[in-house]
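Just below is one structure, and these are the notes that go with it.
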Amino acid sequence: MVDLAGYIAGAYASGLLADMGAQVVKVESWEGDAFRGIGPGFQSWNRGKRGIVLNLRTDEGREVLHRMVREADVVLENYRHGVARRLGVDYETLREFNAQIIYCTVTAYGTRGTDAETPGFDPLFQAMSGAMAYQGGPGNLPTFLRIAISDYTGAIMAAWGVAMALFHRARTGQGQWVETCLLNSVISVQAGEFMFSQGVPWTSPRVGTLGVDAAHRMYEARDGWLYLACDTADQWGVMCQTFERKDLMVLWPQDGERQDESITEALAALLADGTVEHWVGLLQRAGVKAVPLRTMQEAGSMLRDQGMIVDVESPEYGPISLSGPAFQMSETPGVAQGPAPSLGQHTAEVLRELGYTDSEVQSLRDMKVVR
Amino acid sequence: MSGVLDGITVLDLSRDIAGPYACMLLGTMGARVIKVESVGGSTERSDTRFFLWNRGKEMVAMDLETPQGREVVLKMARMADVLVIDRVPAEAQSLGLDYDSLRENNPKLIYCAIPTYPEGSSWENMPGDAYTAAAAMGLMAGRGQSGAPEMLYLPVAAYGSAFTSCFAISSALLVREMDGIGQKVEVSLQQGAMAMQTAGFTTGQAFEPRGSSFRQGISVGIPVYRLFHASEGWFFMACGNNTFFNKLCIALGLEGLADDERFRDAPWGIASENYDALADILEPIFEAKSAEHWVHFLTEHDIPSGAVQERDVFVDHPQIAVNEMIRPIYDPTLGATLQLGVPVWMHGQPGVLPPPTALTGTHTESVLAELGYSEGEVWELRERGVV
């Protein structure tokens with residue numbers, strides 16, 4: 001894969017394909033990916049890639065890229081719409097060098113329409129699409145999710161599109177242009193919430209910022225928080241029995257009339273009296289959905305116990321740990337990734353593989369075509 | 001060929017969000033999707049979102065817990081290329097629907113499991129959903145001001161799992177096309193949450209901690225990539241690279257900021273001790289006029305921004321019409337609806353918007369006939385309440 005992408009959506013898309021075993025070469029501009037400054041994020045989105053720096057504004061730089069494309073299966077880019085064409089690295093140009101190439105484009109708004117060239121970042125789409133207002137709740141201040149929902153969705157969608165295009169190429173020998181954008185992703189990652197019926201979108205009920213209702217919410221135990229969920233009267237009954245509080249059973253809302261406050265008060269008083277571990281263990285053994293509210297750090301320890309954390313040696317940061325593949329496959333298990341490349345780390349190596357001699361590489365360096 | 005997954009049959013044995021959504025997306029790309037629902041119809045039909053997740057599927061109503069029902073589903077699994085199931089491992093096994101049982105039946109099957117927690121983990125058989133998975137994965141604890149927990153209302157774990165399942169299933173189809181082998185794929189909701197928060201799990205001693213700053217009572221982001229309060233409403237301004245920051249300084253007539261050593265490495269290189277200083281400069285400027293004004297102003301100067309608004313306002317964004325991302329669909333159960341369009345464009349084989357969700361049991365007879373059941377046999381299964 002030739003990865004011309006930066007930032008998050010494009011970079012993480014090829015990172016996911018690297019998880020799946022693709023050999024990815026990240027091509028950076030002279031200044032490097034603008035999101036290199038986000039150290040931990042950059043490492044994660046660019047895991048397992050090699051990296052070169054190429055000045056695509058020079059004929060010699062484009063020549064290097066064209067040689068790469070001849071050997072490649074996939075090109076992925078997330079330039080502002082129009083830039084790829086100006087640089088001569090758009091689909092129409094590159095397929096001249098490799099008719100079977102799969103070319104994936106990730107933009108902000110798509111490549112047609114008046115906003116095709118408008119730049120965009122994940123939080124804008126969170127703001128515009130209602131995600132921040134929804135998380136904050138009616139009448140409250142907007143809440144920035146701090147999870148790049150549209151970037152991450154765009155990345156997975158792009159990786160999915162590339163995988164399908166490879167499948168199609170295996171069946172028919174044809175390459176193609178695959179495209180997605182943050183606007184599409186921010187709707188996809190709220191697809192249920194964007195389901196409008198009777199003119200209104202689907203909306204979850206809520207209690208404050210702590211949950212959906214008394215039976216689906218966070219409660220504070222003696223030493224921390226837990227989340228529990230009873231979806232049916234049966235589960236509610238099981239929970240009340242588990243707590244040896246049959247008196248609470250009658251509180252299960254009937255005919256849609258929820259007695260949230262009294263239920264919440266009763267449960268809050270009960271749960272405050274024991275530890276998170278005690279309650280979660282008790283509820284889980286009874287078959288009721290319950291979990292401790294873990295911090296990211298605690299979740300990271302759990303992932304490590306499950307073998308889902310990969311330790312790598314970063315050329316810039318030394319020993320670091322990354323989350324591993326988000327899928328398990330019995331016959332083609334994901335690849336344990338390497339670190340993200342430092343700027344231009346593999347330039348010479350990749351150029352040699354393309355047939356450039358050491359002196360040619362040196363002269364490209366001298367001409368500031370590569371670094 | 002109209003869709004890139006033409007000729008692929010997906011058997012959807014899943015419920016809730018992740019599995020059904022994944023199967024619907026595969027259907028959008030041309031796959032034939034057969035969904036097994038309970039005989040009386042899924043209780044999830046009371047949720048309007050059901051009619052989004054299940055568009056375009058052939059609906060077979062069947063009791064999986066009867067021996068005859070199991071026989072039917074085994075025949076279906078034999079003709080399927082992909083099977084999606086979201087039961088916990090113990091339950092899948094007791095139904096005879098675990099991978100080892102089905103592989104014997106169809107060695108080239110791609111079996112995609114979407115449990116809440118990964119198989120083999122200590123919670124593998126615990127009940128859960130998108131919210132328990134998110135809570136367990138650190139998406140809710142300590143998110144509010146002063147470390148208060150905060151519910152994450154979007155079922156991000158389920159969405160992440162749906163998209164990642166599509167990616168993994170399609171990769172497995174590629175492997176099968178090249179090597180002729182089927183396999184088991186697993187994308188638990190927990191892993192869906194991980195995929196949607198991947199950078200959050202990167203750790204290393206050399207990384208400097210950098211938090212989002214709290215201003216005006218909420219977590220806003222970093223100083224030039226953050227939410228701002230305007231005289232009316234809120235907006236997000238995203239100077240996601242140094243060029244956009246320079247454009248901002250020029251647009252506001254604050255060229256000095258671009259050279260100020262505290263801020264010149266914007267956006268990511270601004271030290272957190274300087275966050276408030278920059279916020280104190282920018283906030284009064286933005287407070288003076290409306291969000292609408294500022295979004296217009298910033299757009300004119302080619303600086304990315306967007307107003308905080310509600311979903312029902314966003315659906316009128318002109319680019320949504322261009323991209324056909326929100327489509328009017330007349331659903332036989334709900335009536336007039338607006339629903340998700342096709343999010344990934346395969347320009348060689350553009351997908352198709354699937355027809356609306358069929359009623360319970362619409363395709364029971366046609367699918368059973370295809371499996372070789374005679375009309376009399378179907379009638380008998382129906383009499384026994386199996387279908």
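Which one is nearest to B:Ala61 (Cα to Cα) among residues in region B:349-369 that are touching a residue at least 12 places away in the same chain (Cβ under 8 Å) and assigned to a helix (DSSP H, G or I)?
First pass over region B:349-369, keeping only residues touching a residue at least 12 places away in the same chain (Cβ under 8 Å): B:349-368.
Cutting the leftovers down to assigned to a helix (DSSP H, G or I) gives us B:364-368.
Numbers: B:Thr364: 6, B:Glu365: 10, B:Ser366: 12, B:Val367: 11, B:Leu368: 11 Å.
Taking the candidates together, the pick is B:Thr364.
Matching residues to (1) surrounded by fewer than 16 Cβ atoms within 10 Å (Cβ to Cβ); (2) hydrophobic (A, V, I, L, M, F, W, C):
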{"site": "B:Met178", "(1), (2)": "yes, yes"}
{"site": "B:Met194", "(1), (2)": "no, yes"}
{"site": "B:Pro209", "(1), (2)": "yes, no"}
{"site": "B:Gly217", "(1), (2)": "yes, no"}
{"site": "B:Ile222", "(1), (2)": "no, yes"}
{"site": "B:Ala238", "(1), (2)": "no, yes"}
{"site": "B:Leu257", "(1), (2)": "no, yes"}
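On the given criteria, is B:Glu177 farther than 30 Å from A:Trp202 by Cα and either assigned to a strand (DSSP E or B) or touching a residue at least 24 places away in the same chain (Cβ under 8 Å) (or both)?
Numbers: farther than 30 Å from A:Trp202 by Cα: yes; either assigned to a strand (DSSP E or B) or touching a residue at least 24 places away in the same chain (Cβ under 8 Å) (or both): no.
It is false that B:Glu177 is farther than 30 Å from A:Trp202 by Cα and either assigned to a strand (DSSP E or B) or touching a residue at least 24 places away in the same chain (Cβ under 8 Å) (or both).
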Residue satisfying condition, being charged (D, E, K, R) and more than 20 Å from B:Ile218 (Cα to Cα), within set B:Asp276, B:Asp260: B:Asp260
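Among A:Ile156, A:Ile149, which is the only one that is within 22 Å of A:Thr209 (Cβ to Cβ), in contact with a Leu (Cβ under 8 Å, 6 or more places away or on another chain), within 7 Å of chain B (Cβ to nearest Cβ) and in contact (Cβ under 8 Å) with a residue 40 or more places away in the chain? Show your work before the answer.
Numbers: A:Ile156 fails: within 22 Å of A:Thr209 (Cβ to Cβ).
A:Ile149 is the lone residue from the list that is within 22 Å of A:Thr209 (Cβ to Cβ), in contact with a Leu (Cβ under 8 Å, 6 or more places away or on another chain), within 7 Å of chain B (Cβ to nearest Cβ) and in contact (Cβ under 8 Å) with a residue 40 or more places away in the chain.
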Helices (runs of 4 or more DSSP H) enclosed by region A:288-371 - at least 3 residues per element that are modelled with pLDDT of 95 or more, closer than 30 Å to B:Thr132 by Cβ and not assigned by TED's automatic domain parsing to the domain that holds A:Trp30: A:296-305
Pair list, Cβ under 6 Å, 6 or more apart: region B:1-27 residue without any contact (Cβ under 8 Å) to a residue 60 or more places away in the chain, other residue crowded, with 24+ Cβ neighbours inside 10 Å: B:Pro20/B:Ser14; B:Pro20/B:Trp53; B:Pro20/B:Asn54
Single unsatisfied condition, B:Arg87 versus (1) in contact with a helix residue (DSSP H, G or I) (Cβ under 6 Å, 6 or more places away or on another chain); (2) closer than 24 Å to B:Met59 by Cα; (3) assigned to a loop (DSSP other than H, G, I, E, B): (1)
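If I ask for residues that are charged (D, E, K, R) and either more than 7 Å from chain A (Cβ to nearest Cβ) or within 25 Å of B:Met126 (Cα to Cα) (or both), which ones from region B:173-220 would you list? Reasoning before the result, please.
Applying the first criterion (charged (D, E, K, R)) to region B:173-220 yields B:176-177, B:179, B:184, B:186, B:208, B:210, B:215.
The answer is B:Arg176, B:Asp179, B:Lys184, B:Glu186, B:Glu208, B:Arg210, B:Arg215.
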Count of residues meeting criterion [buried (at least 20 other Cβ atoms within 10 Å of the Cβ) and either assigned to a helix (DSSP H, G or I) or not assigned by TED's automatic domain parsing to the domain that holds B:Ile303 (or both)] in region B:240-255: 4
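Does region B:42-66 hold any residues that are part of a loop (DSSP other than H, G, I, E, B) and within 13 Å of chain A (Cβ to nearest Cβ), and which are they? Reasoning before the result, please.
Our first condition is that a residue be part of a loop (DSSP other than H, G, I, E, B); within region B:42-66, this holds for B:42, B:47-49, B:54-57, B:62-66.
The answer is B:Asp47, B:Thr48, B:Arg49, B:Asn54, B:Arg55.
Residues are listed down the side, and each one gets a yes or a no for (1) within 12 Å of another protein chain (Cβ to nearest Cβ); (2) assigned to a helix (DSSP H, G or I); (3) modelled with pLDDT under 90:
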site	(1), (2), (3)
A:Thr203	yes, no, no
A:Thr209	yes, no, yes
A:Glu220	yes, no, no
A:Gln235	yes, yes, no
A:Cys240	no, yes, no
A:Glu261	no, yes, yes
Qualifying residue in region A:123-135 (condition: within 11 Å of chain B (Cβ to nearest Cβ), modelled with pLDDT of 95 or more and more than 26 Å from A:Ser204 (Cβ to Cβ)): no
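If you check A:Ala84 against the conditions, is it more than 28 Å from A:Thr153 (Cβ to Cβ), more than 12 Å from every other protein chain (Cβ to nearest Cβ) and aliphatic (A, V, I, L, M)? Steps first, please.
Working: more than 28 Å from A:Thr153 (Cβ to Cβ): no; more than 12 Å from every other protein chain (Cβ to nearest Cβ): yes; aliphatic (A, V, I, L, M): yes.
The answer is no for A:Ala84.
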Residue ID - farthest from A:Pro201 (Cα to Cα), chosen from residues in region B:144-156 that are crowded, with 24+ Cβ neighbours inside 10 Å and touching a residue at least 40 places away in the same chain (Cβ under 8 Å): B:Val156
Close pairs (9 angstrom Cβ cut-off, 6 or more residues apart or separate chains): among the acidic types (Asp, Glu) in region B:38-56, in a loop (DSSP other than H, G, I, E, B) anywhere: B:Glu44/B:Arg15; B:Glu44/B:Asp16; B:Glu44/B:Asn54; B:Asp47/A:Gly192; B:Asp47/A:Trp202
Breaking point among (1) at positive phi; (2) in contact with a strand residue (DSSP E or B) (Cβ under 6 Å, 6 or more places away or on another chain), for B:Gly96: (2)
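Quick test for you: out of A:Gly21, A:Gly113, A:Gly82, A:Gly61, pick the one residue that is among the small types (Gly, Ala, Ser) and surrounded by 18 or more Cβ atoms within 10 Å (Cβ to Cβ).
Working: A:Gly21 fails: surrounded by 18 or more Cβ atoms within 10 Å (Cβ to Cβ); A:Gly113 fails: surrounded by 18 or more Cβ atoms within 10 Å (Cβ to Cβ); A:Gly82 fails: surrounded by 18 or more Cβ atoms within 10 Å (Cβ to Cβ).
After applying the criteria, what remains is A:Gly61.
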Every residue from region A:87-122 that is more than 11 Å from chain B (Cβ to nearest Cβ) and either in contact (Cβ under 8 Å) with a residue 24 or more places away in the chain or small (Gly, Ala, Ser) (or both): A:Leu87, A:Gly88, A:Val89, A:Leu94, A:Arg95, A:Phe97, A:Asn98, A:Ala99, A:Gln100, A:Ile101
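Going by the conditions given, is B:Gly69 surrounded by fewer than 24 Cβ atoms within 10 Å (Cβ to Cβ) and either assigned to a loop (DSSP other than H, G, I, E, B) or touching a Leu at 6+ places or on another chain (Cβ under 6 Å) (or both)?
Working: surrounded by fewer than 24 Cβ atoms within 10 Å (Cβ to Cβ): yes; either assigned to a loop (DSSP other than H, G, I, E, B) or touching a Leu at 6+ places or on another chain (Cβ under 6 Å) (or both): no.
Judged against the criteria, B:Gly69 is not a match.
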Any hit, region A:294-310, residues being touching a residue at least 24 places away in the same chain (Cβ under 8 Å) and either exposed (fewer than 14 other Cβ atoms within 10 Å of the Cβ) or farther than 30 Å from B:Leu173 by Cα (or both): no
Residue within region B:126-149 that is under 29 Å from A:Thr180 (Cα atoms), small (Gly, Ala, Ser), facing chain A (nearest Cβ under 7 Å) and part of a loop (DSSP other than H, G, I, E, B) present: yes
Sole exception among (1) facing another protein chain (nearest Cβ under 7 Å); (2) free of Cβ contacts under 8 Å to residues at least 12 places away in the same chain; (3) part of a loop (DSSP other than H, G, I, E, B); (4) surrounded by fewer than 24 Cβ atoms within 10 Å (Cβ to Cβ) for A:Thr143, by number: (4)
Residue count for region A:159-177, restricted to those that are basic (Lys, Arg) and at the interface with another protein chain (Cβ under 7 Å from one of its Cβ atoms): 1
Residues of region B:221-250 that turn out to be without any contact (Cβ under 8 Å) to a residue 40 or more places away in the chain and among the small types (Gly, Ala, Ser), as a count: 1
The one condition in (1) crowded, with 16+ Cβ neighbours inside 10 Å; (2) out of contact with any Pro (no Cβ under 9 Å at 6 or more places or on another chain) that A:Ala229 fails to fulfil: (2)
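The values are calculated or read from the model by the stated rules, or taken from the named source; none is laboratory data. As the structure is a prediction and not an experimental result, all values here were calculated from the model. Cβ: placed from backbone, ideal geometry, glycine included. Neighbour counts: every protein chain shown.
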